[in-house]
Protein chains: 2
Amino acid sequence: MATTYFSKRNLQFLLHEVFKADELTKYDYFSAHDRETFNLVLDSATYIADTFMHPYLKEMDRNQPELKNGQVTVHPKVREYLKAMGDAGLIGAGFSFEHGGQQLPEMISSCVGFILMAANNGMMYTGLTSGAAHLITSFGLPALSDFYVPNMLDGTWQGTMALTEPQAGSSLSDVTTSATPLSDSESVTLGEVPLLDQPGSYKIKGQKVFISAGDHNATDNIVHLMLARIDGAPKGTKGISLFVVPKYRPDGKGGFVDNDVASTGIYHKMGQKGVPAMHLTMGSNDNTIGYLVGEPHQGLPYMFQMMNEARIGVGMTAAGIATAAFYAALQYAKERPQSRRLNQKNHLDAPQTPIINHPDVRRMLLFQKAVTEGSLALLLEAARLFDISQVAEGDEKENAFLLLDLLMPVAKSYPSEMGVQSVSQSVQTFGGYGFTEDFPVEQLYRDIRITPIYEGTTGIQAQDLLGRKMTMKGGKAPLLLFAEINRTIAEASTSDELKPYADQLTAELKRTQEIMASLIPHAQKGDIERYLSDATLFLEFFGIVVVAWQWLKQAVIAKQMLLTQNPQGDDLIFYEGKIHTMKFFFHYEVPKTLGLAQRLKDTEVLTIVSEKELAL
Amino acid sequence: MATTYFSKRNLQFLLHEVFKADELTKYDYFSAHDRETFNLVLDSATYIADTFMHPYLKEMDRNQPELKNGQVTVHPKVREYLKAMGDAGLIGAGFSFEHGGQQLPEMISSCVGFILMAANNGMMYTGLTSGAAHLITSFGLPALSDFYVPNMLDGTWQGTMALTEPQAGSSLSDVTTSATPLSDSESVTLGEVPLLDQPGSYKIKGQKVFISAGDHNATDNIVHLMLARIDGAPKGTKGISLFVVPKYRPDGKGGFVDNDVASTGIYHKMGQKGVPAMHLTMGSNDNTIGYLVGEPHQGLPYMFQMMNEARIGVGMTAAGIATAAFYAALQYAKERPQSRRLNQKNHLDAPQTPIINHPDVRRMLLFQKAVTEGSLALLLEAARLFDISQVAEGDEKENAFLLLDLLMPVAKSYPSEMGVQSVSQSVQTFGGYGFTEDFPVEQLYRDIRITPIYEGTTGIQAQDLLGRKMTMKGGKAPLLLFAEINRTIAEASTSDELKPYADQLTAELKRTQEIMASLIPHAQKGDIERYLSDATLFLEFFGIVVVAWQWLKQAVIAKQMLLTQNPQGDDLIFYEGKIHTMKFFFHYEVPKTLGLAQRLKDTEVLTIVSEKELAL
């Protein structure tokens, strides 16, 4: 088992040197914090990751939860982990003091997620609880919040996101779970609790699938944030409401009764086996009550306001998994002797050399470093914009929000899609051993494969990027992004060593505009199907450009540190390594835009093809 | 479970219409056959695949073999399968009549492998037996052959390839398993059998790892074809000899005694769980005898003469797995309704449309079709060249051999590397369901990941291609290949519809020459490390060019059929689908050469990087 699963040095570099996280403390909301409190939180997360998570990575994979007699039993460490996270205040790290949180920026809480997921991504419990609780505090009445949130933030109750239904996966407008308002007499019959009656109580009926942590024995209750359709609601996404649907609901006497949320199935998955994915059935006994969150029919807008955090979470999960795999591969490459160097093939008396000395292995390792550190940088950029969009005002707030919205599909997809490829290269670095359970990479290869599917598949992200984000508000978001990128380009251009890369990035921005110019006419003609037919390739293209920017940004800081701080020892090597990896990214990854641009500007449509042509 | 796992129509098209397999029957060696006998063999393989293999795909994955008390128990169907394969003559399909075979071309026996591996790649037993037996018949004395081969070809005994050692994976020159000649008196003490004394008996001591099918209870004996070093042999690859080392050796009285080949470990793998991978220890009790195959110190050349078949086998395994995943994804895409078409997003009253109607899903399916059918074509090209190199004479033989040698690293790697990506797109087509055990794709995604590692990793293949095959005999092989490709280009150029693609392929050949021109000087200067530093990217580039050729070749035939045969119904659609998929390959895959060529012609070396720069 690899002992290093992330680089603390790199995290410090990104947080403090590149993104200057403590600048956020100038905003009132974050003013109680400073660099030291930020680092204390990360230390606390690292302690929990080291103690309760990383040692159980394989064990949890080997012993996936099963559904027996309607009960789901998970690894005993999950309860300890949840308690430790609650005690450390990490589940509520991003919540306001008012709601019992630490009022920490998303930059910090997303780093917590990164560390935890690098340690053991099968323990993906607390991010779900935070997200669910956040929906309640943001949109629910105080009564709802007061009753549920404290138990969630201290790790006693699990939160979930219950969106997907058997017939409605990517298409939430087809959600059919029903919510029927309770009459007063029904309320009494059902033992409805007056306190919770305030937000509006409904009888819930329907099914939800793929509900992560949807049932288990490591918490005393499960609180589902569930989408359902109130009787008579409009069709489509405009008729979906958000409800709190607990596993056990209060009986009004200080106790709880079963809320008729039945675990009717458990998915056996390829990876992330530590956390159960449930099929839930509500209302089999006509006895499930849900409590409306916020206004009727506003469920989807509410969900979407949480979506950015959830997608940063998935991106961080992918970046964490790929980082852990990279460090495992790196350690193996340093220790495993095999063959001689290529220029000394015939020196048979020489001992074998560690495989890290083979250029092909170095290339694979540099690829993994470039992808994982580039992904983490992009995600921290997104988290920083998220924070500013929450606490700033006026144009600053609006611009941050627009930029975040634009970057979000990339910040979710690039770490996921490229993370899958990166972990594949980690496996390849191990050769045959990478395919065995003797090393962690085979598990990480399975685990990370879910990330391009979670929270909107890559195809959905691509439609979001090209179909909405590139064109919203007259295309203002890409203009803002280009201005940001040009700022980095200007900084880089003052260095002889970095200028060629700055120029290359300028060329990529021009290429982006050319592609948009060739695509936009389809949208203007209303042919959305044609406009979006290669949206996934556009997302891939755009991801490379944006991560190239993140690498140039890191190189600018590294160069500054080299020029002004006279770093020595490990610090010197660290900064040189950053510039080296930036160059690798520009020389090996950026050229992929050539082929993508050629296709994206191509006028031949090939996605119109009959089923039979495909099938025969 | 998907019921279709390969396309019989496509196999017929490639075998008979594109590659005209029955032209091989003009050679004496294959003259007993015709198109009908070829097809009978494929029908027989399909029957076995349908009956003994495909129904047990999941079951074998869920119940991986375990090593208990030194015994390895595999799924009971394995024995039935081996018997059926033996009875049908399929293990010895490619062997000469003299050795009890059917004297079938590799084109046909590799198609058998494709069908079997598409059905259930976890039953990867018989290819190993064929390969092992083939080494004995090719290089061993008749006594050895007569004793071992009939039992292997009828499925009663398992054959294995025992090359890899703990300290010698990709580096066979570091094999240390020892072979000590037996004196006459020792032979007697050990109960050595006179018959088998003829080829030379040796005491074997050492360890082998990752030996697929290295021990199990579905055959009565296991026959290892093992590399070992005779005492005093030269260092490196020039001192390695080949031995037959059975699990049970004959006792000279018609019975057998244990040959001290102990199963000391079993690997638990990410995929291909149906077949055990063993750690074997020879000579713990100083009682393992091995029988020399052929001349001393010729082990590696012998192995390498079998390597092309083994690599075609791995390529077919990858192509088979990816094909099965493609058909599963295609079926799901036709059946799964989700959302509305992009130009009708707001038609909420309309029913949801099957996801095959979304352009992004079509693109994913076309990618899978282009990769899997392109891979199969390339592998059949290689098999055809293999056959000609075996049975032709003079220049024809030599040229076929050179071309095969050049194409082999591509024909092994392209199906494997792109197959991994193709199955990943199959998973993505399913969305969340693709990650669950409810559908076969999650298993196939795990299974196929071994193929870029088996029989020489992609990195090793790349070094073979660029380091040897491109330059051997003064670069004659690429010249021969270009001539072949130009023949296809000339044929395609007669059609207005195909000419643009022919021109594009001409441009790719020019690009290949440019890349070589920029790389060769490094080799000429003797800087092999620099010359090969991006060899894997060259392999990727070359693979795209070669598969583009295979697609153009298919399109030429499809076009001819459309113009001359007036096909109707499914045939018409089939040929149109071929041309459509060829275009897809040229518009979506071929542009990737732009970025690869840019990197390959780039002068900046980045694979020189310190361990610490990578690690910090």
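The values are calculated or read from the model by the stated rules, or taken from the named source; none is laboratory data. Predicted, not measured: the structure shown is a model, and the values here were computed from it. No Cβ is skipped: glycine too gets one built from the backbone with ideal geometry, and neighbour counts run over all protein chains shown. Heads up: the accessible areas ignore ligands, DNA and RNA and are worked out on the full protein's heavy atoms, side chains in. Shrake-Rupley method; radii C 1.70, N 1.55, O 1.52, S 1.80 Å.
Filter the range B:1-20 for residues that are open to solvent by less than 40 Å² (accessible area, probe 1.4 Å) and aliphatic (A, V, I, L, M); which is farthest from B:Tyr433 (Cα to Cα)?
B:Val18
Looking at (1) crowded, with 20+ Cβ neighbours inside 10 Å; (2) in contact with a Phe, Trp or Tyr (Cβ under 6 Å, 6 or more places away or on another chain), which is the one condition that is false for B:Val391?
The single condition B:Val391 does not satisfy is (1).
Only one residue in B:Met303, B:Met278, B:Met316 is at pLDDT below 95 and either outside any loop (DSSP other than H, G, I, E, B) or in contact with a strand residue (DSSP E or B) (Cβ under 9 Å, 6 or more places away or on another chain) (or both), so which one is that?
Step by step, each of B:Met303, B:Met278, B:Met316 is checked, and only B:Met303 is at pLDDT below 95 and either outside any loop (DSSP other than H, G, I, E, B) or in contact with a strand residue (DSSP E or B) (Cβ under 9 Å, 6 or more places away or on another chain) (or both).
Could we say that B:Arg384 is in contact with a helix residue (DSSP H, G or I) (Cβ under 7 Å, 6 or more places away or on another chain) and open to solvent by 10 Å² or more (accessible area, probe 1.4 Å) here?
For B:Arg384, the condition - in contact with a helix residue (DSSP H, G or I) (Cβ under 7 Å, 6 or more places away or on another chain) and open to solvent by 10 Å² or more (accessible area, probe 1.4 Å) - is met.
Go through (1) within 14 Å of another protein chain (Cβ to nearest Cβ); (2) open to solvent by 10 Å² or more (accessible area, probe 1.4 Å); (3) more than 30 Å from B:Thr3 (Cβ to Cβ) one by one and return the number of the condition B:Met278 breaks.
Among (1) within 14 Å of another protein chain (Cβ to nearest Cβ); (2) open to solvent by 10 Å² or more (accessible area, probe 1.4 Å); (3) more than 30 Å from B:Thr3 (Cβ to Cβ), the lone unmet condition for B:Met278 is (2).
Which residues, counting only those in the range B:600-616, are surrounded by fewer than 18 Cβ atoms within 10 Å (Cβ to Cβ), in a helix (DSSP H, G or I) and more than 7 Å from chain A (Cβ to nearest Cβ)?
Result: B:Lys601, single match.
For the range A:146-170, how many residues are of a type outside the set (A, V, I, L, M, F, W, C), more than 19 Å from A:Glu80 (Cα to Cα), open to solvent by 10 Å² or more (accessible area, probe 1.4 Å) and not in a loop (DSSP other than H, G, I, E, B)?
1
For the range B:71-106, name all the residues that are open to solvent by 50 Å² or more (accessible area, probe 1.4 Å), at positive phi and in contact with a Ser or Thr (Cβ under 7 Å, 6 or more places away or on another chain).
none
Looking at A:Tyr327, is it open to solvent by 10 Å² or more (accessible area, probe 1.4 Å), more than 10 Å from every other protein chain (Cβ to nearest Cβ) and either within 14 Å of A:Val441 (Cα to Cα) or not aromatic (Phe, Trp, Tyr) (or both)?
Against the criterion (open to solvent by 10 Å² or more (accessible area, probe 1.4 Å), more than 10 Å from every other protein chain (Cβ to nearest Cβ) and either within 14 Å of A:Val441 (Cα to Cα) or not aromatic (Phe, Trp, Tyr) (or both)), A:Tyr327 does not qualify.
Any residue at all in the range A:526-549 that is assigned to a loop (DSSP other than H, G, I, E, B), at pLDDT below 95 and either open to solvent by 40 Å² or more (accessible area, probe 1.4 Å) or under 30 Å from A:Arg62 (Cβ atoms) (or both)?
yes
Of all the residues that make up the range A:443-500, how many are in a helix (DSSP H, G or I) and of a type outside the set (Gly, Ala, Ser)? Can you show your working first?
At the first step, the residues of the range A:443-500 found to be in a helix (DSSP H, G or I) are A:443-448, A:458-469, A:472-492, A:499-500.
Pick out the ones that are also of a type outside the set (Gly, Ala, Ser) and you get A:443-448, A:458, A:460-461, A:463-466, A:468-469, A:472-473, A:476, A:478-482, A:484-489, A:491, A:499-500.
The total comes to 32.
Checking A:Ala462 against (1) among the small types (Gly, Ala, Ser); (2) open to solvent by 10 Å² or more (accessible area, probe 1.4 Å); (3) at the interface with chain B (Cβ under 10 Å from one of its Cβ atoms); (4) farther than 30 Å from A:Lys334 by Cβ, which single condition isn't satisfied?
The failed condition is (2).
Considering the range B:292-322 alone, what residues qualify as being more than 8 Å from the chain's Cα centre (by Cα) and under 30 Å from B:Leu366 (Cβ atoms)?
If the condition is that a residue be more than 8 Å from the chain's Cα centre (by Cα) and under 30 Å from B:Leu366 (Cβ atoms), then B:Ala319, B:Gly320, B:Ile321, B:Ala322 are the ones that fit.
Scan the range A:21-42 for residues that are within 25 Å of A:Met117 (Cα to Cα), assigned to a loop (DSSP other than H, G, I, E, B) and open to solvent by 30 Å² or more (accessible area, probe 1.4 Å) and report the count.
Residues flagged as within 25 Å of A:Met117 (Cα to Cα), assigned to a loop (DSSP other than H, G, I, E, B) and open to solvent by 30 Å² or more (accessible area, probe 1.4 Å) within the range A:21-42 amount to 1.
Would you point out the residue of the range B:265-275, among those that are closer than 24 Å to B:Phe52 by Cα and aliphatic (A, V, I, L, M), that is farthest from the other protein chains (Cβ to nearest Cβ)?
If we take residues in the range B:265-275 being closer than 24 Å to B:Phe52 by Cα and aliphatic (A, V, I, L, M), then B:Val275 is farthest from the other protein chains (Cβ to nearest Cβ).
For the range B:435-459, how many residues are farther than 16 Å from A:Gly434 by Cα, open to solvent by less than 20 Å² (accessible area, probe 1.4 Å) and in contact (Cβ under 8 Å) with a residue 24 or more places away in the chain? Break it down into steps so the answer makes sense when it comes.
Residues of the range B:435-459 farther than 16 Å from A:Gly434 by Cα: B:435-444.
Keeping just the survivors that are open to solvent by less than 20 Å² (accessible area, probe 1.4 Å) gives B:435-436, B:440-444.
Still in the list and also in contact (Cβ under 8 Å) with a residue 24 or more places away in the chain: B:440-441, B:443-444.
Of the residues in the range B:435-459, 4 are farther than 16 Å from A:Gly434 by Cα, open to solvent by less than 20 Å² (accessible area, probe 1.4 Å) and in contact (Cβ under 8 Å) with a residue 24 or more places away in the chain.
Kindly evaluate B:Ser138 against the criterion of being free of Cβ contacts under 8 Å to residues at least 60 places away in the same chain and part of a helix (DSSP H, G or I).
No: the conditions fail for B:Ser138.
From A:Leu366, A:Leu376, which residue is touching a residue at least 60 places away in the same chain (Cβ under 8 Å), more than 9 Å from chain B (Cβ to nearest Cβ) and either open to solvent by less than 20 Å² (accessible area, probe 1.4 Å) or not β-branched (Val, Ile, Thr) (or both)?
Of A:Leu366, A:Leu376, the one residue that is touching a residue at least 60 places away in the same chain (Cβ under 8 Å), more than 9 Å from chain B (Cβ to nearest Cβ) and either open to solvent by less than 20 Å² (accessible area, probe 1.4 Å) or not β-branched (Val, Ile, Thr) (or both) is A:Leu376.
Go through (1) free of Cβ contacts under 8 Å to residues at least 24 places away in the same chain; (2) farther than 30 Å from B:Gly431 by Cβ; (3) facing chain A (nearest Cβ under 10 Å) for B:Pro301 and report which single condition fails.
For B:Pro301, the exception is condition (3).
Only one of (1) touching a Lys or Arg at 6+ places or on another chain (Cβ under 8 Å); (2) facing another protein chain (nearest Cβ under 9 Å); (3) open to solvent by 20 Å² or more (accessible area, probe 1.4 Å) is not met by B:His347, so which one is it?
Looking at each condition in turn, B:His347 falls short on (2).
Out of B:Glu497, B:Glu437, B:Glu442, B:Glu455, which single residue is within 14 Å of chain A (Cβ to nearest Cβ) and on the phi > 0 side of the Ramachandran plot? First the steps, then the outcome.
Values: B:Glu497 fails: on the phi > 0 side of the Ramachandran plot; B:Glu437 fails: on the phi > 0 side of the Ramachandran plot; B:Glu442 fails: on the phi > 0 side of the Ramachandran plot.
Testing whether each residue is within 14 Å of chain A (Cβ to nearest Cβ) and on the phi > 0 side of the Ramachandran plot leaves just B:Glu455.
Go through the range B:224-245 residue by residue and tally those that are assigned to a strand (DSSP E or B) and crowded, with 23+ Cβ neighbours inside 10 Å.
So the count comes out to 10.
Could you check the range A:562-576 and list, in sequence order, the residues that are buried (at least 18 other Cβ atoms within 10 Å of the Cβ) and either in contact (Cβ under 8 Å) with a residue 60 or more places away in the chain or closer than 14 Å to A:Leu14 by Cα (or both)?
Scanning the range A:562-576 gives A:Phe574, A:Tyr575.
Here is a list of conditions, (1) within 14 Å of chain B (Cβ to nearest Cβ); (2) over 30 Å from A:Ala555 (Cβ atoms); (3) surrounded by 23 or more Cβ atoms within 10 Å (Cβ to Cβ), and A:Arg62 meets all of them except one; can you say which number that is?
(3)
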